[in-house]
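A short worksheet on the structure shown next.
Please treat every number below as a calculation from the coordinates, not as lab data. The shown structure was predicted, so the numbers you read here are calculated from the model rather than taken from an experiment. Reconstructed Cβ throughout: ideal geometry from the backbone, glycine too, with neighbour counts over all protein chains shown.
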Amino acid sequence: METKPTEIGSSKMFGGYNKRYKHFSPTLGCSMTFHIYFPPSSSPSHKFPILYWLSGLTCTDENFIIKSGAQRAASAEGVALIAPDTSPRGLNVEGEADSWDFGVGAGFYLNATQQKWKNWRMYDYVVKELPKLLSENFPQLDTSKASISGHSMGGHGALTIYLKNLDKYKVVAVEILIYFID
Ligand SMILES: N[C@@H](CCC(=O)N[C@@H](CSC=O)C(=O)NCC(=O)O)C(=O)O
């Protein structure tokens with residue numbers, strides 16, 4: 001199975017490109033997709049700082065890229081945006097899609113502790129596998145200059161990941177997270 005990312009989509013935006021990639025993730029044991037927004041570049045050797053965006057419940061790697069319009073600021077500031085998916089997919093674990101806030105689309109950027117959910121290791125995917133994959137395959141990204149952000153479930157993910165890894169991220173920015181429990 002191919003761990004190297006393959007480009008599966010590309011669209012021009014604010015002078016740069018939204019690019020979608022697919023790869024096999026050994027951490028999660030399934031194929032994953034992610035998006036990178038590359039801002040326009042004046043030199044092929046230029047390296048962009050990166051900003052991870054962690055999406056909320058039910059999202060994929062597409063929601064932020066399609067809906068946010070963040071590419072306008074990323075283009076102006078010369079920052080690459082990295083939008084991973086929110087959970088493993090296609091594993092057919094019993095009950096994985098029974099609820100909108102548990103399982104598929106709901107990885108919570110944590111490593112699950114129960115054997116049944118052993119593939120739900122989104123913390124390791126975002127903190128370890130993805131940065132390594134980016135630095136090995138995209139020379140135009142400066143993964144040593146990384147910041148992390150997100151909304152809702154992804155805001156919680158960005159904040160907890162940042163606080164556990166103060167050496168890895170320059171800045172954290174999150175949307176306020178509110179849960180209504182009934
Ligand atoms: N339950 C609803 C709505 C799910 C929802 O509101 N998801 C939010 C994130 S909530 C916190 O993590 C979201 O961002 N949705 C995607 C979007 O593009 O708006 C449902 O089943 O749809």
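For region 96-107, the condition of being loosely packed, with under 13 Cβ neighbours inside 10 Å, among the hydroxyl-bearing types (Ser, Thr, Tyr), within 12 Å of the ligand (Cβ to nearest atom) and farther than 17 Å from Cys30 by Cα holds for at least one residue.
Which condition number does Gly90 fail, the rest of (1) without any contact (Cβ under 8 Å) to a residue 60 or more places away in the chain; (2) part of a loop (DSSP other than H, G, I, E, B) being met? The failed condition is (1).
Matching residues to (1) in a helix (DSSP H, G or I); (2) in contact (Cβ under 8 Å) with a residue 12 or more places away in the chain; (3) crowded, with 21+ Cβ neighbours inside 10 Å:
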site	(1), (2), (3)
Leu81	no, yes, yes
Thr113	no, no, no
Lys145	no, yes, no
Lys168	no, yes, no
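Scanning region 34-49 for residues that are away from the ligand (no atom under 16 Å from the Cβ) and either closer than 25 Å to Met1 by Cα or within 11 Å of the chain's Cα centre (by Cα) (or both) returns Phe34, Ile36.
Considering region 120-160, and only residues there that are within 23 Å of Glu96 (Cβ to Cβ) and of a type in the set (A, V, I, L, M), the residue that is nearest to the chain's Cα centre (by Cα) turns out to be Val126.
Of the residues making up region 43-79, those that are among the β-branched types (Val, Ile, Thr) and part of a helix (DSSP H, G or I) are Ile65, Ile66.
Looking only at residues that are touching a strand residue (DSSP E or B) at 6+ places or on another chain (Cβ under 9 Å) and among the basic types (Lys, Arg) in region 55-95, which one is farthest from the ligand (Cβ to nearest atom)? Applying the filter and picking the extreme gives Arg72.
If we scan region 32-50, do we find a residue that is among the hydroxyl-bearing types (Ser, Thr, Tyr) and crowded, with 24+ Cβ neighbours inside 10 Å? Yes - at least one qualifying residue is present in region 32-50. Beta carbons closer than 6 Å, at least 6 apart along the sequence or on distinct chains, never pair a first residue in region 118-141 that is under 9 Å from Leu28 (Cα atoms) with a second that is charged (D, E, K, R) and not in a loop (DSSP other than H, G, I, E, B).
Taking residues in region 9-25 that are of a type in the set (A, V, I, L, M, F, W, C), and partners anywhere that are not in a strand (DSSP E or B), the pairs with Cβ atoms closer than 6 Å and at least 6 places apart or on different chains are Met13/Gln71; Phe14/Gln71; Phe14/Arg72; Phe14/Ser75; Phe24/Met1; Phe24/Glu2; Phe24/Thr3.
Taking the criterion of being without any contact (Cβ under 8 Å) to a residue 60 or more places away in the chain and under 24 Å from Gly155 (Cα atoms), the residues of region 32-53 that qualify are Thr33, His35, Tyr37, Pro39.
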